[in-house]
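Take a look at this one; I'll ask things after.
The values are calculated or read from the model by the stated rules, or taken from the named source; none is laboratory data. Everything quoted here is computed from the prediction, not taken from an experiment. All Cβ positions, glycine included, derive from the backbone under ideal geometry; neighbour counts span all protein chains shown. We work out accessible area using only protein heavy atoms, side chains counted, and drop any ligands, DNA or RNA first. Shrake-Rupley method; radii C 1.70, N 1.55, O 1.52, S 1.80 Å.
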Amino acid sequence: MGLAVPEEVVRVASDIREMRVRGAGRIAKAAATALMVAAERYPGSDAREFREYIRRVAELLLKTRPTAVSLPNAVSYVVGPLLRAPHVGSVEEARRLVVERASSFIRYADEALERIAEIGSRLVRDGDVVLTHCNSLAVVSIIKRAAQRGKRVSVYATETRPLFQGHVTARMLLEAGVDVTLIPDSSVRSLIRRVDKVIVGADAVAANGAVVNKIGTSLIALIAREHGVDFYVATETYKFSPFTLSGEPVVIEERPPTEVVPQEFLDKHPRLRVLNPSFDVTPPGYITGIITEVGVIPPSAALLVLEEIYGREGVREQASVAVDEEA
Ligand code: RI2
């Protein structure tokens, strides 16, 4: 038993789990902020206890949703140095370390989004119709920036069943003065001839350049390929997964059946099985380019990006968040 996790942090974890906070980038920033709050709220003076307390907060956050690698990457960045340190030092030093790492992660995330908006907007031509799926802040930022630069751009936004995140995308873009057409997910093949390029976000990018994103993304990629339409992914490099280097697959989250059909329907048909996978994998061969804060890269360069971030040796080290190991 140690100190209780502050209520505010428990709330952030439940907001992520229940998808009141959603989108891989927003989840990562919420987790970093929660760790900072937890560090600031620690009332004691025992440095070892502080470390165990932070470890528990990290575990709580990591357990919320399994797919977006931005979450373990952010948590690892913020608490990894503390959890791996051979000596803890004072509570003040340990607290400062966590707070500084959290602030620097958040600063990096904001700057990365800004760079992606700038770089990605150059790919959008005047008059383009861009199709997007789900709700990605990276994609919305690109389109808003292109519009701000005076390009006439209009967007086809898929509804994104079952949770309709396409409505969020539509609202964000309409508020920025961008023309939006909302389309059913199943209409993409019928409408693809009207589309100049597809840009989607990412929850994880594997070392081989495959992209994990909202369920339905890989079908859109397939249709884009069939019609020769460019298919781009917009993502910060902290969504690249060091775990996949050792062959670990990205876990695809299964969401509750009640997101697909109401409970009454399930009660009426007890033999009905419902599958509700939240993400799918788009193979690298279907991806024209990945728009990141370090430039537009081919999917085959994902491994280089991982090595650049973590160093050849560091990749493996970074991959072990170490929250469940005695540091
Ligand atoms: P940004 C979302 O996952 C969507 O799959 C979206 O494409 C991706 O995160 C990236 O979003 P969910 O949390 O980080 O809605 O670009 O399941 O905002």
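Here are some conditions: (1) surrounded by fewer than 21 Cβ atoms within 10 Å (Cβ to Cβ); (2) within 16 Å of the ligand (Cβ to nearest atom); (3) of a type in the set (A, V, I, L, M, F, W, C). Val91 meets all but one. Which one does it not meet?
(2)
Output the strands (runs of 3 or more DSSP E) that fall wholly within the stretch 241-317 and possess 1 or more residues being open to solvent by 50 Å² or more (accessible area, probe 1.4 Å), or say none.
279-282, 295-297
I'd like to check something: does the stretch 153-164 contain any residue that is touching a residue at least 40 places away in the same chain (Cβ under 8 Å) and within 10 Å of the ligand (Cβ to nearest atom)?
The answer is yes, given that some residue of the stretch 153-164 is touching a residue at least 40 places away in the same chain (Cβ under 8 Å) and within 10 Å of the ligand (Cβ to nearest atom).
Follow-up question, since we're still on this one. Between Ala117, Ala102, which is in a helix (DSSP H, G or I), in contact with a helix residue (DSSP H, G or I) (Cβ under 7 Å, 6 or more places away or on another chain) and more than 16 Å from the ligand (Cβ to nearest atom)?
Ala102
Follow-up question, since we're still on this one. Could you identify the single residue in Ala102, Ala146, Ala109, Ala157 that is open to solvent by less than 10 Å² (accessible area, probe 1.4 Å) and in contact with an Asp or Glu (Cβ under 7 Å, 6 or more places away or on another chain)?
So the residue among Ala102, Ala146, Ala109, Ala157 that is open to solvent by less than 10 Å² (accessible area, probe 1.4 Å) and in contact with an Asp or Glu (Cβ under 7 Å, 6 or more places away or on another chain) is Ala109.
Looking at the stretch 208-225, is at least one residue closer than 25 Å to Phe105 by Cα, open to solvent by less than 60 Å² (accessible area, probe 1.4 Å) and away from the ligand (no atom under 11 Å from the Cβ)?
Checking the stretch 208-225: at least one residue is closer than 25 Å to Phe105 by Cα, open to solvent by less than 60 Å² (accessible area, probe 1.4 Å) and away from the ligand (no atom under 11 Å from the Cβ).
Cβ contacts < 6 Å: first residue within 19 Å of Glu254 (Cβ to Cβ), restricted to the stretch 195-221; second residue aliphatic (A, V, I, L, M) and open to solvent by 20 Å² or more (accessible area, probe 1.4 Å), any location; separation 6+ or different chain. Result?
These pairs meet every condition: Ala204/Val250; Val212/Val250; Val212/Val281.
Step by step: first the residues of the stretch 8-42, then only those that are within 12 Å of the ligand (Cβ to nearest atom) and within 13 Å of Ala109 (Cβ to Cβ), then the one that is surrounded by the fewest Cβ atoms within 10 Å (Cβ to Cβ). Which residue is that?
Taking the candidates together, the pick is Arg26.
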